[in-house]
1. Rounded, prolate or oblate: which fits region 298-353 when a ≥ b ≥ c are the square roots of the eigenvalues of the alpha-carbon gyration tensor, with rounded for a/c under 1.5 and prolate only if a/b beats b/c?
2. Counting only heavy atoms of protein chains, what accessible area per residue, in Å², does region 29-73 have with a probe of 1.4 Å?
3. What's the long-distance tail for the chain, i.e. % of Cα pairs beyond 37 Å?
4. What are the residues whose amide H is under 5 Å from the amide H of residue 250, where those residues sit 5 or more places off or on another chain and H is modelled from the backbone?
5. D for region 258-353, whole µm²/s, Stokes-Einstein with Kirkwood Rh over alpha-carbon pairs at 37 °C and 0.692 mPa s: what number?
6. Roughly speaking, to the nearest percent, how much of region 106-265's 1.4 Å accessible area is carbon and sulfur?
7. Per residue, how many Å² of accessible area does region 93-203 show with a 1.4 Å probe?
8. Just to confirm a number: summing +1 for Lys and Arg and -1 for Asp and Glu over residues other than residue 116 whose beta-carbon lies under 13 angstrom from that of residue 116, what do you get?
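The values are calculated or read from the model by the stated rules, or taken from the named source; none is laboratory data. Remember, predicted model here, so these are calculated numbers, not experimental data. Quick reminder, even Gly has a Cβ in these numbers, built from the backbone with ideal geometry, and neighbours come from all protein chains shown. Only protein heavy atoms, including side chains, enter the accessible area calculation; ligands, DNA and RNA are left aside. Shrake-Rupley method; radii C 1.70, N 1.55, O 1.52, S 1.80 Å.
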Amino acid sequence: MDARTIKLDAGLVVHRAHPLNAETSVPALMGGVVMPNGRFYIRNHFQIPNLNAADYRLAVGGLVRRKLSLSFRDLMQMPSQTFFATLECAGNGRTKFDPPIPGEQWAFGAVSTAEWTGVPLKAVLDRAGIESSAREVLFQGADRGRVEGSSRTIPFERSLRLDEAGDSGAILAYVMNGEPLPIHHGFPLRLIVPSWYAVASVKWLTDIELIGQPFAGHFQTEKYCYEWQRGSEDAREPVTRMQVRALITEPNQGSEIERGDITIRGVAWSGIAPIERVEVNTGGAWHQVNLIGEPSRQAWQRWELVTRVNASGPAMLRARATDCAGRVQPEHAEWNRLGYGNNSVQEVTIRVI
Ligand SMILES: Nc1nc2c(c(=O)[nH]1)N[C@H]1C(S)=C(S)[C@@H](COP(=O)(O)O)O[C@H]1N2
Ligand SMILES: [Mo]
């Protein structure tokens, strides 16, 4: 199997070419349960590494009883699992924070859903045998480069605590929507940690190391942490599971809609618990929408509402999701220094004619 370069679809908005960063346009978010691979948002910190499946090896080492070096074929021969999972960049919605925050300027489209197939992480860890002194699992990608404030070259690396890794249902994925994992999304192998902000889902995975101390690398402790100002103190917390959120995918911002019955559609998800309800406001009361498909903590659910709008002129549409753990989307998510987890209620203005 070769690395496939995907044809990027017109539904992608490219923010940067080097390294490639592109979000799914809001109209493209509409519709299917999954996002076609060519429209799936792309978030890269470094240049894309070009690995080939024939000499690929996944090394598993550190505090294990048996070190492993698994070929692509070894991995394909292990029992696999397939599921739908939504990936959302923790920076999705960053442009809606005020005051503005530097970093990739994501609107709402740094989120997509795919059907992933791969080997359960647990099966690989069981094969290696975890030593009792191990505390975390560290995942390393093949991509590397320099980050601000340092002259060293570093790899993209992230860790999970052993309890988090165990509970998460993570897989080492090699198939995305029935196709070999495209190069942009981590060919030949990537971690998928369902329900977590996608930074946890390390692409181009080449090394798994069991370590005895909390990992303190750049992408773990300098980035991907909420930093809130609380009075004179600073509060800090790592980005973990996705916050509850609904997006309106139809109608589009700025569109003209005829008076009468209008159809409002969107998606909603939460990494904490399945969605319980989504309510939509067109200017007066909140209306409960119809949720479509199966509730899941791992993947978004589509929703739809047909409602009457009689007055012509500008109208503001808002959608608010609540999950089964009782988390409700806030009117305004709390501003944080690096601009993560912005799940503020989205506002879409249309013109009724
Ligand atoms: N090796 C590697 N893995 C990575 C990244 C990266 O830059 N390098 N970016 C992470 C971030 S921040 C996100 S949001 C997701 C994006 O996955 P996608 O490009 O498949 O949408 O990959 C994660 N895994
Ligand atoms: Mo991200």
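1. Details: a/c = 2.85, a/b = 1.56, b/c = 1.82.
Here region 298-353 falls in the oblate category.
2. On the way: 2230 Å² over 45 residues.
It amounts to 50 Å² per residue over region 29-73.
3. Values: 12160 of 62128 pairs.
When all Cα pairs of the chain are counted, 20 percent exceed 37 Å.
4. 265
5. On the way: Rh = 14.3 Å.
The estimated diffusion coefficient comes to 229 µm²/s.
6. On the way: 2640 of 6210 Å².
About 43 percent, which is the carbon plus sulfur part of the accessible surface.
7. On the way: 3820 Å² over 111 residues.
Result: 34 Å² of accessible area for each residue.
8. Numbers: positive: 190, 203; negative: 115, 179.
So the surrounding residues net to 0.
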